[in-house]
Structures are given as C-alpha cells and as structure tokens.
C-alpha cells in the first residue's frame, strides 16, 4: 500500500513542497485524522495510514498543540506515503475546531474523520463510498462500529450496530432528522463517509457546544437537514475505549442538552431561513430539548421518548422530503 510521494509537514498553513503532490482533482477520499497527545497511538496511526493510502486518496493529520517532535517523527515514519500532509501548530484548537479546520482543507470527492485511536479498512471505506455513488440522495454513509479495549478485547455491550436502521430505506423526512439526536439513531455515523460538497457548506459547519459535549450529534443533525444518512451493513470502524479517552470525561448534565438545542435551532434557521418549515422544526427542537434537559435531573435512569410537536402544519412539516438532490431547494 505504500505510495510514491514524500509526505508533507506544515506549520500552520505554510505547506512545504513535495515531489509528485497531487493537485486534488482526482482524489476520491480525504481521510482526516485529528491528533492530540497521540504518541501512544503511533502504531495505530501508522497502520491506518498505510492501510488507507493510495493514488486517489489524501490523508491529512493535524496536531494543534505544538507537539513538533511527534509530528516530525510521524513524518519520518510515513515519508514514503502518497498524498500525506501533517499539520503541526500551537493554535490550541479544541477537537471540534481541529476537525472543522481539517474539513476545510479536504479536496477529495468524499471525506472521512478517523480518530487517532480507532481503526478502519480500505474495504470498509470502499463500501461506504460505493453506497454514496449508488445513492445520490444521501449525504453520508456509515456502517457498524465494533468496540474494543486497548488490549484488543471485545466490548460487545458498547458496539454501535445500528440494528434498527434499514439499508434499503430510501425515504428521508424532517421527522427522521428530528428523531436523530433524541433517539440516538445512526450511532457512529460521525465517522462515516461524507460528501465533501455538503460538509464544506457553511450551514453544515462543525461547531462546538460550549463544553464540546454532543457536538458531533448536532453536526449529524445539520448534515441530516441537508440530505439522507445511509446505513451500510459493514463493519466500518473498530473503536477503542479506555479511561482517559475524551468522551469518558464528559458529564451529560442538563446544560449540555440545552447547549445542543441552541446549536440545533441555529442549524434549522441556517438551512430553512424564515419559513413555516423552520418555525415547526424550531418548535419541535425546543420542546424536546427542554424535556430532555429536565429528564437528566430526575432520579433513576433517564428514559426519554421522542414526542413530535403539534400544531396546524405539524404533519405536513414532518413529512417534508429532505433527500439530497445536489442543489439546495431550501435556500434562505
């Protein structure tokens, strides 16, 4: 899987020249790997890069905490890999900002976010890309996520198999998107394959909640407003769980859901502008966001049932077809 070109390391946006660097016109996929204290995962990162590398693939890694020693070491180990860029700066971006910036740099037809401590395969990526080729109304394709600890032991209770998703389903309505966050649909889709054109649309920009909690679910919501999420029955990712991982530090209090609700409202208004459809969607988001925030403070396990908002335009609004057509029929 080794390519022919030398890797590229940058400081900020000042990329050094690299022999044979592609101009991006023929790139199929951009793999985006955010780095943070990644030294312990060097072997995993290298394995992923070599597995995914190819003439029609670019791989961009970014460390925003100024770990130049690690980035140069990474560059040396991967100096034979085609279309590789390593970014190292001291901007101290959080993980959401890092990924959002990486998205702006992507040049492939599709892009995929790959955490530094998880693993995927070229075959899984091929299957997800093929699904988007065959389903032009979808903006994202995702599969199943299998969970492991750092020693390679299976953690089946943490798998994200999306058992309720139907790979043959083609409908995609506002009701599907509204249920996305509250019912936890499409778990792991954040690391699926996404159309770059959609991901780089300003209205789908990956934004951080104040504590970054639930940021990825809100982003899926904004992508879902742009078009359908497609499920593919393939093992797409091996996810590793360990005590120091970022998500283990999160506390899902009421404020986290209120923060997510605020960004969801912003996404609705950005997509639909001032319209009856936007008014209904905002009402639904606010009602359920408030109910979810209240339920967090209750005693016992949180059990939340999605309740669609009512109103004179409720049924028609929920049935609105949001499948991607390559153009924006809801331009503000």
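Figures for the structure shown
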{"item": "Most mobile listed residue (51, 76, 216) in the chain, GNM with C-alpha springs under 10 Å", "result": "76"}
{"item": "Euclidean distance between Cα centres, the range 22-93 to the range 220-239, Å", "result": "23"}
{"item": "Relative contact order, percent, the range 140-272 [alpha-carbon distance under 8 Å, six or more residues apart]", "result": "37"}
{"item": "Helix 254-272 axis, angle to the chain major axis (alpha carbon atoms, nearest 10°)", "result": "90"}
{"item": "Between 0 and 90°, nearest 10: helix 95-105 axis offset from the chain longest Cα axis", "result": "70"}
{"item": "Most mobile of 188, 224, 24 in a GNM of the chain (Cα contacts under 10 Å)", "result": "24"}
{"item": "Gyration tensor verdict on the range 254-318 (Cα atoms; rounded if a/c is under 1.5, prolate if a/b is larger than b/c, oblate otherwise)", "result": "oblate"}
{"item": "Relative contact order (%) - criterion: Cα under 8 Å, at least six apart; region: the range 254-318", "result": "40"}
{"item": "Degrees separating the helix 276-296 axis from the principal Cα axis of the chain, which is the longest one", "result": "80"}
{"item": "Sum of -39500 (n - 2.57) over DSSP H runs of 4+, divided by residues of the chain (222 nm, nearest 500)", "result": "-10500 deg cm²/dmol"}
{"item": "Choice from 28, 154, 146 showing the highest fluctuation, given a GNM over the chain with Cα pairs closer than 10 Å", "result": "154"}
{"item": "Relative contact order (%) - the chain, alpha-carbon pairs under 8 angstrom, separation at least six", "result": "18"}
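Only the coordinates and a few stated rules stand behind these numbers; no lab work does. Nothing here was measured: the structure is a model prediction, and the numbers come from that model.
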